[in-house]
2 protein chains.
Amino acid sequence: MLFFTQCFGAVLDLIHLRFQHYKAKRVFSAAGQLVCVVNPTHSLKYAATRCAAAQASTEQGILPPCHHHGEAVHDPQLVPCTCPLFSCPWEGHLEVVVSHLRQTHRINILQGAEIVFLATDMHLPAPTDWIIMHSCLGHQFLLVLRKQEKYEGHPQFFATMMLIGTPTQANNFTYRLELNRNQRRLKWEATPRSILECVDSVISDGDCLVLNTSLAQLFSDNGSLAIGIAITTSKVHSSEAEM
Amino acid sequence: MLFFTQCFGAVLDLIHLRFQHYKAKRVFSAAGQLVCVVNPTHSLKYAATRCAAAQASTEQGILPPCHHHGEAVHDPQLVPCTCPLFSCPWEGHLEVVVSHLRQTHRINILQGAEIVFLATDMHLPAPTDWIIMHSCLGHQFLLVLRKQEKYEGHPQFFATMMLIGTPTQANNFTYRLELNRNQRRLKWEATPRSILECVDSVISDGDCLVLNTSLAQLFSDNGSLAIGIAITTSKVHSSEAEM
C-alpha cells in the first residue's frame, strides 16, 4: 500500500514539474502542433502617437505612408515598404522588413504550416497588439491580433494575417484562424492581405476575424486566447492571378 | 454565322428565363441543398413595443416572461413557454409553440439536416428579424437572424439557433452556421439554446455568430445573405447530460 502511495506521489511530482516546464518554456508542442505563447507588444505609447499623427495627416490631406503600393517596381523584393507596426517610422525595401521586425521589434518567427497562437493577458486595456511572424510555404506571414475600441467603451478583438510580400503574391494563399473552446467553434478563412496594405484599414473595415469581449472570454482559458492558424496555397486564386 | 448568333440569343433567353424562375419560385434547391428564401418578419412595431415593455418591467423589478425555465415539470412537452418572438404575448405549453409560430406568425418550417437560409433585404433598417423553423433529427429548431444596433449608428447582424425543447434536450445537439463568399469563409459551431431561454439575452451577450455591416456586405449577393445551416447530434454532450 505504501508503495502505491509513493508511486502516486512521484507521478504527482512529475506532473507538477512538467507543468512548471511548460510555464517556463513558453513555446512548446501540444498534440504535434507548435504552440507559441505571444505576449502583448510593448508599443502602446507609440501606437497612440501614431494614431494621432495619422489623424492629423489625414486632416491635412496627407496620405499615411502605407498608401503607396508600388506594384510598378518589377522585383517584388525592391518594393518600397514601411514598417507594418505604424508606431515605427522605419522605411525600406520589402526584402529587409522581416529582419527589421525581428531585430527592432523582437517579433518571434515560427516555422510550420499549422501553429497555435496563444495570446496572453487578454484583459489588458485597448489598444493592445499581439504579433508573431509565421514562416511557411516559402513566405513569411504576420499575424496581428488587436484589442481596440471601435465603439467607445466596447473593446473588440480583431485578428488578421498579412503576407510579407505584394498583393499579387498574397492572392496565392488562404489562411484559416480557428477558435475552439466551451462547446463553441469559430473559423475564419480568407486570402491574406499584403503588408503593403494598411493593417489599420483592414481592422477598421472589420474584414477580419472579429470577437466581442464576451465571446473572447468564452474562448479564453485563464486570460489566454488560443488561435489555431493554418496557411495553404489557393489553386483557384493563383490561376486567377496568372490571367 | 447567323446561326451561331441566333443560338447565342436563345441561350441568353434561356438564362434570363431561368433567373426569372428562380426569382419567382423563392424556395429552390441548389447543388442538392434546400435553399429557403427568408423575408424579414413583419413585427417591427411589436418589437419596439416589446423592447419598451421589457425595459419598463426590468426597471420595475419584474422579470420578463422568458426567465421561467420550468425544468421541474417532468414531461418536457408540458413545460410552460412564451412565444420566442417577444413581440407576442402568447403563452402556452412547449408542445404547441410550433403550431403557434406557424399559424400566428406564418413562419416556414423546413425539413432536412442541411439547408441554406437566404435572408433577403439585408439593407432594411435595424431592428429587423429573419426567422425560419428547421425540422430534423426528431426536433424543431428556430433560426433567428437579427439586425440590431447594439452600438448606436452601427447595426450588426446576429445569428443563433434555438431548440424548441428544454435546455437538457438542447445539449444533445450541435449546430453550424456557415457563410462563404468573396474568398472568405466564416463558420460558427455551438450548442443550440433552448427556446425557454431569452433570444434577446443570447444576442445581447453576443454568444452567437456576429457580423458587422461591412462583413455582411462582403458575404451578401445582391442584398441577400446565404447562411448554410447544419445540425448534428453531439455524442459528448449527450453523455454529459446523462450524468
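The values are calculated or read from the model by the stated rules, or taken from the named source; none is laboratory data. Quick caveat: nothing in here was measured; it's all calculated off a predicted structure. Cβ coordinates were reconstructed from backbone atoms using ideal geometry, including for glycine residues, and neighbour counts include every protein chain displayed. We work out accessible area using only protein heavy atoms, side chains counted, and drop any ligands, DNA or RNA first. Shrake-Rupley method; radii C 1.70, N 1.55, O 1.52, S 1.80 Å.
Given the options B:Ser201, B:Ser239, name the one that is open to solvent by 40 Å² or more (accessible area, probe 1.4 Å), within 12 Å of another protein chain (Cβ to nearest Cβ) and at pLDDT below 90.
Going through B:Ser201, B:Ser239 in turn, just one is open to solvent by 40 Å² or more (accessible area, probe 1.4 Å), within 12 Å of another protein chain (Cβ to nearest Cβ) and at pLDDT below 90: B:Ser201.
Determine whether A:Gly223 is free of Cβ contacts under 8 Å to residues at least 24 places away in the same chain, out of contact with any helix residue (DSSP H, G or I) (no Cβ under 7 Å at 6 or more places or on another chain) and small (Gly, Ala, Ser).
On the way: free of Cβ contacts under 8 Å to residues at least 24 places away in the same chain: no; out of contact with any helix residue (DSSP H, G or I) (no Cβ under 7 Å at 6 or more places or on another chain): yes; small (Gly, Ala, Ser): yes.
Answer is no for this residue.
Go over the candidates B:Ser220, B:Ser214, B:Ser224 one by one and state the one that is in contact with a Gly (Cβ under 8 Å, 6 or more places away or on another chain), open to solvent by 10 Å² or more (accessible area, probe 1.4 Å) and over 19 Å from A:Gln183 (Cα atoms).
Numbers: B:Ser220 fails: in contact with a Gly (Cβ under 8 Å, 6 or more places away or on another chain); B:Ser224 fails: in contact with a Gly (Cβ under 8 Å, 6 or more places away or on another chain).
Criteria check complete, one pass: B:Ser214.
Residue by residue through segment A:137-151, note down the ones that are touching a residue at least 24 places away in the same chain (Cβ under 8 Å) and either open to solvent by 10 Å² or more (accessible area, probe 1.4 Å) or within 14 Å of chain B (Cβ to nearest Cβ) (or both). Step through it out loud before you land on a result.
As a first pass, look at segment A:137-151 and keep what is touching a residue at least 24 places away in the same chain (Cβ under 8 Å): A:137, A:139-148, A:150.
Correct list: A:Leu137, A:His139, A:Gln140, A:Arg146, A:Lys147, A:Gln148, A:Lys150.
Please go through segment A:133-160 and pick out each residue that is assigned to a strand (DSSP E or B) and under 20 Å from A:Glu95 (Cβ atoms). If you could, list the steps in order and put the result at the bottom.
Going through segment A:133-160, the residues assigned to a strand (DSSP E or B) turn out to be A:133-136, A:139-151, A:154-160.
Selection gives A:Met133, A:His134, A:Ser135, A:Cys136, A:His139, A:Gln140, A:Phe141, A:Leu142.
State all residues of segment B:158-190 that are over 20 Å from B:Ser204 (Cβ atoms), away from chain A (no Cβ under 12 Å) and of a type in the set (A, V, I, L, M); if no residue qualifies, say none.
Within segment B:158-190, just B:Ile164 meets the criteria.
Output the residues belonging to segment B:152-189 that are buried (at least 18 other Cβ atoms within 10 Å of the Cβ), free of Cβ contacts under 8 Å to residues at least 24 places away in the same chain and not acidic (Asp, Glu).
Across segment B:152-189, the qualifying residue is only B:Lys187.
For segment A:114-134, indicate whether the set of residues that are open to solvent by 40 Å² or more (accessible area, probe 1.4 Å), modelled with pLDDT of 90 or more and under 27 Å from B:Gln183 (Cβ atoms) is non-empty.
No, segment A:114-134 contains no residue that is open to solvent by 40 Å² or more (accessible area, probe 1.4 Å), modelled with pLDDT of 90 or more and under 27 Å from B:Gln183 (Cβ atoms).
Quick check on segment A:90-146: of everything there that is of a type outside the set (D, E, K, R) and in contact with a Lys or Arg (Cβ under 6 Å, 6 or more places away or on another chain), which residue is nearest to A:Asp75 (Cα to Cα)?
A:Thr128
Among the residues of segment A:192-230, write down those that are farther than 26 Å from A:Cys83 by Cα and part of a helix (DSSP H, G or I).
Selection gives A:Thr213, A:Ser214, A:Leu215, A:Ala216, A:Gln217, A:Leu218, A:Phe219.
Within segment B:60-69, is even one residue farther than 19 Å from B:Ile203 by Cβ and either surrounded by 17 or more Cβ atoms within 10 Å (Cβ to Cβ) or at pLDDT 70 or above (or both)? Working first, answer last.
First, the residues of segment B:60-69 that are farther than 19 Å from B:Ile203 by Cβ: B:60-62, B:68.
Those left that are additionally either surrounded by 17 or more Cβ atoms within 10 Å (Cβ to Cβ) or at pLDDT 70 or above (or both): none.
No, segment B:60-69 contains no residue that is farther than 19 Å from B:Ile203 by Cβ and either surrounded by 17 or more Cβ atoms within 10 Å (Cβ to Cβ) or at pLDDT 70 or above (or both).
Return only the number of the condition from (1) open to solvent by less than 10 Å² (accessible area, probe 1.4 Å); (2) closer than 19 Å to B:Gln148 by Cβ; (3) touching a His at 6+ places or on another chain (Cβ under 8 Å) that B:Ile229 does not satisfy.
(2)
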